[in-house]
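Q: Shown below is the structure under consideration.
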Protein chains: 2
Amino acid sequence: MTTSKQLFTLISNVGQLEISLKTVDVPQPKAHEVIVRIEAAPINPSDMWPMFGPANLAEAVLSEDKLTFSAPVNKGILPRIKSRLDQVLPIGNEGAGTVIAAGDSEAAQSLMGKTVAILTGGTYAQYCCVPVQACIVHKESTSAINAASSFVNPLTALGMVETMRMEGHTALVHTAAASSLGQMLNKICLAQDVSLVNIVRNQQQAEILKEIGATYICDSSSKTFKADLYQAINETGATLAFDAIGGGEIVSDILTAMEQSGSKDAVGFNTYGSESNKQVYIYGGLDFSPSILNRAYGMTWGIGGWLLMRFLAKLQPQQIVKLQQQVANEITTTFACTFTEELSFEQAMTPAIVLQYNAKKTGGKYLINPNKNL
Amino acid sequence: MTTSKQLFTLISNVGQLEISLKTVDVPQPKAHEVIVRIEAAPINPSDMWPMFGPANLAEAVLSEDKLTFSAPVNKGILPRIKSRLDQVLPIGNEGAGTVIAAGDSEAAQSLMGKTVAILTGGTYAQYCCVPVQACIVHKESTSAINAASSFVNPLTALGMVETMRMEGHTALVHTAAASSLGQMLNKICLAQDVSLVNIVRNQQQAEILKEIGATYICDSSSKTFKADLYQAINETGATLAFDAIGGGEIVSDILTAMEQSGSKDAVGFNTYGSESNKQVYIYGGLDFSPSILNRAYGMTWGIGGWLLMRFLAKLQPQQIVKLQQQVANEITTTFACTFTEELSFEQAMTPAIVLQYNAKKTGGKYLINPNKNL
């Protein structure tokens, strides 16, 4: 092996998206590096924007040689993504596979033949060359598919609970709570005895969470949603929420319920609301529409973005290692992730299939196996 | 003197606001307390909500004996202010006057005859009994009117610059920037060589700031506002803003400009935007309408409430003393505040005058002299 097939994305300055399958050279690993044959690379929601940007996927086509997927991009949007225009960029945040070559160092050699998970930003490739430190080493019994989602969802879920502790909160609220990530978060919170308020959008999602033992489930499609949310927040004392939705009034509804709970026994003016620090972190954007804030939560509240990489940058290296070891130990339990489809490169570039996985529906979970059908 | 006339507010559970002038006993000062004859108590924007709540002031009436001002409150709003219903509450956050009696302690005795400013929450009164520690002692040449606004505006303006330093920013954005507070902030920033981007709503306000030497002034009524704001933020490197407005898109516009500046040289996906921490604190609510966030500012941003009292609680006592001394030293320069109207209690309760000062227009600044015409 000296070459690798790999997916790249490009948006041109005339408004054309191209996802292309190219053949690239695989470098000789340096002393501290290993070559991983990627066998399972998830298509996460966080992969979609780098991959497709704002392209109109309903008008996508695959070239006859099956090497180029293309779709138009509205030119009016191009100024907003000017940093990436006309550049051929790798895609795929994470993945797992087998170490098939290693540099001379003892640490690198010790990984030969092992199943590892990596976070590189270019995992939609047959082979990746990465430093040893970028690997989570998995148990012999763990398959590449089991290990595929070792970083993004598990560390985000663990990061939410760590953030809760670091910022002095004692319970959590989570939206889009029946997602793979949301299910992991429930298992972590149950194991650590942390109260978690789950906000879902329908009864089917509520059932998924009930089955894994979730205590507080609020269905935002229910007529009693706001009352249910207040009651759950009031019972748990949650003053921190993580929101994957972003748009609409959900962030504001959560803060409003926190404030109502914090001020329920207030006497006098209470002009500035409860003194407890009420915080919502928005870590996803399932709803692109604007967030609407009624600001009926006094003066002690905050809303902000939350990003895994910027959270991890706040930790000591040994804290990160500890979290990664927990992921390896619990990858088939707490952090188990069920994939519904394993795609070849060609399938991942087929317009009808792209539309399916880009829909981000709960329960549909896709991965690419770069070595399938090649 | 054993009694004092004092204004109180009450909102009843049937939806009636009553501002009433009552006669109360003035206590004998304890060892560490002084009695201040209030000669000038500002009517700040922050006094309005405690005083009037959500009452419909257009339907207000003053009783024939001039002792009770009343106005209806929409019953639908009452649940939102239930903490204050049916309670007679004092009003007036700050004020200044002369110490006319003092407790036995040396500290209290040393204030006899001096002009002091106080922050009590009940300054719309002829006399206030307060601890020595609650006083800012002013120079002999400082009048009560000069000293009236020693706390709310000066410490808020100083607190903004302190917050900037504590949170690692190097320049500021401020909205409603031609307010008394905004003018103070300009003087502080000029003296401390801090770049300040002033957002105003019309050319008249821009002129006020030009006269005191403001460098960056953006008029939100201008067609070029967004481009002007971007340019000012880009030149100053401001990543922190204080907003007095709250509603509409101004908060989002500021963050958008900060992100555009932070990402102007970005290459590649830039999926999560600039890494600099972009923060807007909302400290007022001139516009009650919802805040609309487009969230086009990557993932490293925050919005939150900011409250003077909760900021001061983070400081060491000696830091607060230092800020207060600066206020006393510069009360007729940096922190000078021009009042346009001095009202008696009766005038402050006259419906037509209430409508004037409740309008919160730049340039109209009212105070109550509780000892006028009595």
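Q: Name the pairs whose Cβ atoms lie under 7 Å apart, with the first residue in region B:201-228 and acidic (Asp, Glu), the second modelled with pLDDT of 95 or more, and 6 or more positions between them or separate chains?
A: B:219/B:200; B:219/B:202; B:219/B:203; B:219/B:206; B:219/B:225; B:228/B:218; B:228/B:222
Q: I've got another one for you. Would you mind finding the one in A:182, A:213 that is within 22 Å of the chain's Cα centre (by Cα) and open to solvent by less than 50 Å² (accessible area, probe 1.4 Å)?
A: After applying the criteria, what remains is A:182.
Q: So, one more: Out of A:87, A:28, report the one residue that is within 14 Å of chain B (Cβ to nearest Cβ), part of a loop (DSSP other than H, G, I, E, B) and among the polar types (S, T, N, Q).
A: The unique qualifying residue is A:87.
Q: Kindly provide the set of residues from region B:286-295 that are more than 7 Å from every other protein chain (Cβ to nearest Cβ) and under 19 Å from residue A:251 (Cα atoms), ordered by number.
A: Result: B:288, B:289.
Q: Scan (1) in contact (Cβ under 8 Å) with a residue 60 or more places away in the chain; (2) facing chain A (nearest Cβ under 10 Å) for the single condition residue B:324 breaks and write down its number.
A: So residue B:324 meets the others, but not (2).
Q: Before we move on, is residue A:79 assigned to a helix (DSSP H, G or I), on the phi < 0 side of the Ramachandran plot and surrounded by fewer than 14 Cβ atoms within 10 Å (Cβ to Cβ)?
A: yes
Q: Of everything in region A:182-193, what is over 17 Å from residue A:280 (Cβ atoms) and aliphatic (A, V, I, L, M)? Give them in sequence order.
A: Those that are over 17 Å from residue A:280 (Cβ atoms) and aliphatic (A, V, I, L, M): A:184, A:188, A:190, A:191.
Q: Within region A:82-98, can you find the residues that are more than 23 Å from the chain's Cα centre (by Cα), over 30 Å from residue A:342 (Cβ atoms) and open to solvent by less than 50 Å² (accessible area, probe 1.4 Å)?
A: Of everything in region A:82-98, just one residue is more than 23 Å from the chain's Cα centre (by Cα), over 30 Å from residue A:342 (Cβ atoms) and open to solvent by less than 50 Å² (accessible area, probe 1.4 Å), namely A:85.
Q: Can you find a residue that is open to solvent by 80 Å² or more (accessible area, probe 1.4 Å), over 26 Å from residue A:286 (Cβ atoms) and in contact (Cβ under 8 Å) with a residue 24 or more places away in the chain anywhere in region A:38-53? Lay out the reasoning, then the answer.
A: Initially, region A:38-53 is screened for residues open to solvent by 80 Å² or more (accessible area, probe 1.4 Å), giving A:49.
So of that shortlist, the ones also over 26 Å from residue A:286 (Cβ atoms) come out as none.
No, region A:38-53 has no match at all.
Q: Which is hydroxyl-bearing (Ser, Thr, Tyr), away from every other protein chain (no Cβ under 14 Å) and crowded, with 21+ Cβ neighbours inside 10 Å, of A:2, A:115?
A: The conditions single out A:115.
Q: When you look at residue B:58, is it among the small types (Gly, Ala, Ser), outside any loop (DSSP other than H, G, I, E, B) and farther than 15 Å from residue B:359 by Cα, yes or no?
A: When the stated conditions are applied, residue B:58 does not pass them.
Q: Condition check: at pLDDT 95 or above and within 14 Å of chain A (Cβ to nearest Cβ). Does residue B:200 satisfy that? Show your work before the answer.
A: Working: at pLDDT 95 or above: yes; within 14 Å of chain A (Cβ to nearest Cβ): no.
Answer is no for this residue.
Q: Turning to a different aspect of this structure: If you check every pair at least six apart or on different chains, which have Cβ atoms under 7 Å apart with a residue in region B:243-254 that is facing chain A (nearest Cβ under 9 Å) first and a residue that is modelled with pLDDT of 95 or more and open to solvent by 20 Å² or more (accessible area, probe 1.4 Å) second?
A: Sorted first by the residue in region B:243-254, then by its partner, the pairs are B:246/A:295; B:247/B:289; B:247/B:290; B:249/B:292; B:252/B:292; B:252/B:294.
Q: Here is a follow-up. Within the bounds of region B:158-168, is there any residue that is of a type outside the set (A, V, I, L, M) and open to solvent by less than 10 Å² (accessible area, probe 1.4 Å)?
A: Yes - at least one qualifying residue is present in region B:158-168.
Q: Of these, A:121, A:95, which one is at pLDDT below 95 and under 26 Å from residue A:182 (Cβ atoms)?
A: Result of the check over A:121, A:95: A:121.
The values are calculated or read from the model by the stated rules, or taken from the named source; none is laboratory data. Since the model is a prediction, treat every value here as computed from it, not as a measurement. All Cβ positions, even for glycine, are placed from backbone atoms using ideal geometry, and neighbour counts span all protein chains on display. Please note that ligands, DNA and RNA were not included when accessible areas were found on the heavy atoms of the full protein model with its side chains. Shrake-Rupley method; radii C 1.70, N 1.55, O 1.52, S 1.80 Å.
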